[in-house]
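Only one structure is covered here, and it is reproduced in the block below.
The values are calculated or read from the model by the stated rules, or taken from the named source; none is laboratory data. Please read all numbers here as calculations on a predicted model, not as lab measurements. Virtual Cβ from ideal backbone geometry, glycine too; neighbours counted across all protein chains shown. These accessible areas exclude ligands, DNA and RNA; they are computed on the full protein's heavy atoms, side chains included. Shrake-Rupley method; radii C 1.70, N 1.55, O 1.52, S 1.80 Å.
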Amino acid sequence: MSVYSIGKAICKMYLSLVIRVEAIGEENIPKEGPVLLCSNHISNYDPPLVGSFMKRKIHFMAKEELFSQKILGTLLPFLGAFPVKRGAGDRQALRKGLSLLEEGKVLCLFPEGTRSKTGEVGKGLSGSGFFALRSEAAVVPVAIFGKYKPFQKVTVVYGKPLNFQHLRNQKTSASDATEEIMENIRKLMAQHQAEKNK
């Protein structure tokens, strides 16, 4: 069993027993081919949450400072993470992300770049739009809401894949493509919160 599989099993057990996670829409994630998961960001628990409840292995960017920590820095590459310099266009990280998608893998991004303190979906950075336009990946919006507190519910919703081919054909800007992604995350969250409040 790989380090990734062990880590995934531990995270899923903790999240299921302590946090009461409700995962919706796992069937929307394509079983093969490149996938770009784009999620809102409310907690440091978001990456393991998104990855623990889907069958495919995910890869994600993590701030480079984490890789300088002795134990965590050693484990992160085995858990599918690769470093990114925040606050600047990190070409090496962009190339790595594109390479993963070209290999038909799953890349998870948190377009806001930082955690939301209010729970509201903020403005996304252009990186997610860049990957959506420069690859052939299916773009899957993901919405997370709730509080990561013992025995309180956190819901993760995997939306239906978005087809970005028309935006690629129109040579849409990365920032506009990102806004399209963020709007779909907002719609996904609003839809499921409305259903929850019925």
- Message: Taking the criterion of being surrounded by fewer than 17 Cβ atoms within 10 Å (Cβ to Cβ) and hydrophobic (A, V, I, L, M, F, W, C), would at least one residue in the stretch 28-46 satisfy it?
- Response: no
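Yes or no: residue 123 surrounded by fewer than 18 Cβ atoms within 10 Å (Cβ to Cβ), without any contact (Cβ under 8 Å) to a residue 12 or more places away in the chain, farther than 19 Å from residue 34 by Cα and not aromatic (Phe, Trp, Tyr)?
In short, no.
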- Got a sec? Which of 155, 74, 118 is surrounded by 13 or more Cβ atoms within 10 Å (Cβ to Cβ) and of a type in the set (Ser, Thr, Tyr)? 155
- Item | Output for the stretch 86-95, where each listed residue is under 17 Å from residue 107 (Cα atoms) and open to solvent by 70 Å² or more (accessible area, probe 1.4 Å) | 91, 92, 95
- the stretch 34-55: number of residues that are over 11 Å from the mean Cα position of the chain (by Cα) and under 17 Å from residue 131 (Cβ atoms): 1
- Message: Quick test for you: out of 66, 94, pick the one residue that is in contact (Cβ under 8 Å) with a residue 12 or more places away in the chain, in a helix (DSSP H, G or I) and either under 26 Å from residue 146 (Cβ atoms) or in contact with a Ser or Thr (Cβ under 6 Å, 6 or more places away or on another chain) (or both).
- Response: 66
